[in-house]
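Working notes for the structure below.
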Amino acid sequence: MTSFGLLRCPRDIIFGRGQRAALGRIASSLGGRAFVCTDARMARTPAFEDMMADLGRTGVEVRVYDGTLVDVPLSTVAEAAAEADAFQPDLIIGIGGGSCLDLAKATALIHRHGGDIRDYYGEGKVPSPIAPVIAIPTTAGTGSEVTPVAVLSDPGRLLKVGVSSVYLVPTVAICDPELTLTCPPALTAISGADALTHAIEAFTATVREATPELSQTNVFVGKNSLSDHFAKLAVQLIFRHLRRASEDGSDIEAREGLMLGALAAGMAFGTAGTALAHALQYPLGALTHTSHGEGVAALLPYVMEFNRPVSSPLYAELAAPMGLPPLEDEEAACTAAIDAVVALFASVGIPGSLSAMGLAADEKERVAREALTAARLINNNPRPVEFEGARHVVEAAFSGDRQAARRELQAN
Ligand code: NAD
């Protein structure tokens with residue numbers, strides 16, 4: 001790999017306990033009218049009330065939309081965009097999990113450019129900057145606070161849809177780990193596993209020829225020297241802190257480490273992109289009605305086995321950030337790294353198979369087939385993926401038999 005690198009990030013990323021109290025000053029520097037996208041849970045919390053009071057003290061007029069639904073159905077986007085249109089804000093603030101942040105991005109897009117969100121599906125359809133967004137995550141997490149994508153659910157389509165554009169990177173991210181203290185263990189586990197999957201898929205994403213056009217024509221450019229740095233940092237932090245944070249939600253040091261890890265993972269995949277585990281999760285999530293994080297995490301070890309023939313040295317390289325003892329033999333280090341991912345996910349209650357997630361046996365082929373339609377993700381996978389390959393991964397992940405999977409996936 002050459003030293004080509006690409007980072008796209010918010011103007012300011014502010015990280016640390018209590019940093020949400022900077023919101024008023026930051027918002028007032030961006031305008032006098034703020035439209036806030038959040039959900040009903042967050043809107044009732046004292047932390048939210050304090051942030052709204054802070055906005056008031058700094059002279060920012062606020063309209064709150066608290067109707068965000070998980071996975072952002074299109075109806076929510078239309079509703080929020082109509083309310084924002086009536087209010088005419090200068091900036092949009094997203095406060096909540098990935099769903100609230102993605103809604104804030106979509107609302108800022110429609111508010112600035114009009115039309116229907118469906119006009120912007122895919123990559124690079126947003127013509128110019130959107131309204132400024134301040135993203136304040138409450139999970140650790142999706143990394144949406146720093147990424148160029150908003151993920152939405154369209155009832156007209158089986159799979160979730162994405163709007164990807166460099167203009168969707170928020171202007172400011174405020175990451176305050178205290179906001180994650182209320183995440184229950186399952187949410188902590190699922191969102192942390194999502195972040196680890198981002199980091200590992202970014203670290204092993206395909207390497208593209210570093211032409212001068214690459215960064216200008218592609219939102220996601222594949223593995224590169226700058227995303228690698230963040231991917232390794234994310235792996236290290238998530239391995240150190242995920243189990244601790246899900247076992248003891250009040251452990252603020254673990255919350256802090258995990259949130260920094262999720263942020264780093266967002267920085268990594270925000271330019272490198274993700275790959276096969278994400279492509280397979282779209283149909284898996286749609287058919288089983290399970291969360292994004294749970295799906296990508298249940299698939300990841302099998303995708304790693306599939307990619308092993310081309311990515312083994314990279315998985316071996318991750319053994320050190322995972323905290324594993326050094327091993328001379330590269331294959332042994334690769335095996336240890338995949339085993340460590342499985343053990344970490346099992347320790348926080350991630351299902352070990354797709355059958356345990358409720359996928360019906362007769363839907364396996366459909367998952368493989370539909371995944372191939374996510375061309376951006378499939379083309380970003382380090383090992384080329386055809387239907388047979390995808391089917392083998394789903395088959396192995398369905399049964400949860402990793403030894404059989406290892407033999408099978410490497411033979412094919
Ligand atoms: P979420 O935003 O969908 O929220 C899940 C639930 O957790 C909600 O009920 C919410 O109220 C609750 N919750 C959030 N924060 C909480 C807290 N601090 N305490 C208690 N409950 C809390 O969950 P998520 O995992 O953060 O986001 C998932 C969404 O993000 C999916 O739609 C996924 O596709 C998307 N996503 C986006 C990106 C991106 O870069 N834009 C990346 C990965 C995933």
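The values are calculated or read from the model by the stated rules, or taken from the named source; none is laboratory data. Keep in mind that what you see is a predicted model, and the values were worked out from it rather than measured. Neighbour counts are summed over all protein chains in view; Cβ atoms, including those assigned to glycine, are modelled from backbone coordinates with ideal geometry. Areas reflect the complete protein model, heavy atoms only, side chains present, ligands, DNA and RNA absent. Shrake-Rupley method; radii C 1.70, N 1.55, O 1.52, S 1.80 Å.
Considering only region 145-178, state which residues are within 20 Å of PHE15 (Cβ to Cβ), open to solvent by 10 Å² or more (accessible area, probe 1.4 Å) and of a type in the set (A, V, I, L, M, F, W, C).
Answer for region 145-178, where residues must be within 20 Å of PHE15 (Cβ to Cβ), open to solvent by 10 Å² or more (accessible area, probe 1.4 Å) and of a type in the set (A, V, I, L, M, F, W, C): just VAL169.
Hey, can you tell me all the residues within region 78-105 that are more than 14 Å from the ligand (Cβ to nearest atom), touching a residue at least 40 places away in the same chain (Cβ under 8 Å) and either open to solvent by 60 Å² or more (accessible area, probe 1.4 Å) or charged (D, E, K, R) (or both)?
Scanning region 78-105 gives GLU83, GLN88, ASP90.
Of the residues VAL151, VAL126, which is out of contact with any Cys (no Cβ under 8 Å at 6 or more places or on another chain), under 24 Å from VAL221 (Cα atoms) and touching a residue at least 60 places away in the same chain (Cβ under 8 Å)?
VAL151
Does region 17-47 hold any residues that are under 21 Å from LEU69 (Cα atoms), hydrophobic (A, V, I, L, M, F, W, C) and open to solvent by less than 10 Å² (accessible area, probe 1.4 Å), and which are they?
Result: ALA34, PHE35, VAL36, CYS37, MET42.
Which of (1) in a helix (DSSP H, G or I); (2) more than 16 Å from the ligand (Cβ to nearest atom) does LYS223 not meet, given it meets every other one?
All conditions are met except number (1).
I'm checking my understanding of the structure. Among residues of region 276-297 that are in a helix (DSSP H, G or I) and β-branched (Val, Ile, Thr), which one is farthest from ALA195 (Cα to Cα)?
So the residue we want is THR288.
So the check is Cβ under 8 Å with 6+ separation or different chains; which pairs have a first residue in region 192-213 that's farther than 17 Å from ASN379 by Cβ and a second one that's within 15 Å of the ligand (Cβ to nearest atom) and of a type in the set (Phe, Trp, Tyr)?
HIS198/PHE269; ALA199/PHE230; ALA199/PHE269
Scanning for something hydroxyl-bearing (Ser, Thr, Tyr), at pLDDT 95 or above and touching a Leu at 6+ places or on another chain (Cβ under 6 Å), does region 168-181 turn up at least one residue?
No, every residue in region 168-181 fails to be hydroxyl-bearing (Ser, Thr, Tyr), at pLDDT 95 or above and touching a Leu at 6+ places or on another chain (Cβ under 6 Å).
Would you mind finding the one in THR142, THR138 that is near the ligand (Cβ under 8 Å from one of its atoms) and under 22 Å from ALA272 (Cα atoms)?
THR142
State whether one or more residues within region 252-275 are at pLDDT below 95, within 12 Å of the ligand (Cβ to nearest atom), surrounded by 24 or more Cβ atoms within 10 Å (Cβ to Cβ) and part of a helix (DSSP H, G or I).
no
Would you be able to tell me the number of residues in region 145-154 that are of a type in the set (Ser, Thr, Tyr) and within 7 Å of the ligand (Cβ to nearest atom)?
Number satisfying all stated conditions: 1.
Which of the following residues is in contact with a Ser or Thr (Cβ under 6 Å, 6 or more places away or on another chain) and open to solvent by 10 Å² or more (accessible area, probe 1.4 Å): LEU314, LEU287, LEU237, LEU327?
Testing whether each residue is in contact with a Ser or Thr (Cβ under 6 Å, 6 or more places away or on another chain) and open to solvent by 10 Å² or more (accessible area, probe 1.4 Å) leaves just LEU314.
Farther than 30 Å from TYR121 by Cα and either at pLDDT 95 or above or among the polar types (S, T, N, Q) (or both), is that true of PHE387?
No: the conditions fail for PHE387.
Yes or no: region 361-375 includes at least one residue that is open to solvent by 50 Å² or more (accessible area, probe 1.4 Å), outside any helix (DSSP H, G or I) and under 25 Å from VAL221 (Cβ atoms).
yes
Does region 298-356 hold any residues that are in contact (Cβ under 8 Å) with a residue 40 or more places away in the chain and part of a loop (DSSP other than H, G, I, E, B), and which are they?
PRO321, MET322, GLY323, VAL348, GLY349, ILE350, PRO351, GLY352, SER353, LEU354, SER355, ALA356 - these are the residues of region 298-356 that are in contact (Cβ under 8 Å) with a residue 40 or more places away in the chain and part of a loop (DSSP other than H, G, I, E, B).
Identify the single condition in (1) modelled with pLDDT of 95 or more; (2) more than 16 Å from the ligand (Cβ to nearest atom) that LEU327 does not satisfy, given that it satisfies every other one.
Failing condition for LEU327: (1).
Report yes if some residue within region 40-61 is away from the ligand (no atom under 13 Å from the Cβ), β-branched (Val, Ile, Thr), touching a strand residue (DSSP E or B) at 6+ places or on another chain (Cβ under 9 Å) and part of a strand (DSSP E or B); otherwise report no.
no
Go over the candidates LYS125, LYS160 one by one and state the one that is modelled with pLDDT of 95 or more and of a type in the set (Lys, Arg).
LYS125
Mind checking whether some residue in region 215-224 is over 18 Å from VAL169 (Cβ atoms), at pLDDT 95 or above and surrounded by fewer than 19 Cβ atoms within 10 Å (Cβ to Cβ)?
No, every residue in region 215-224 fails to be over 18 Å from VAL169 (Cβ atoms), at pLDDT 95 or above and surrounded by fewer than 19 Cβ atoms within 10 Å (Cβ to Cβ).
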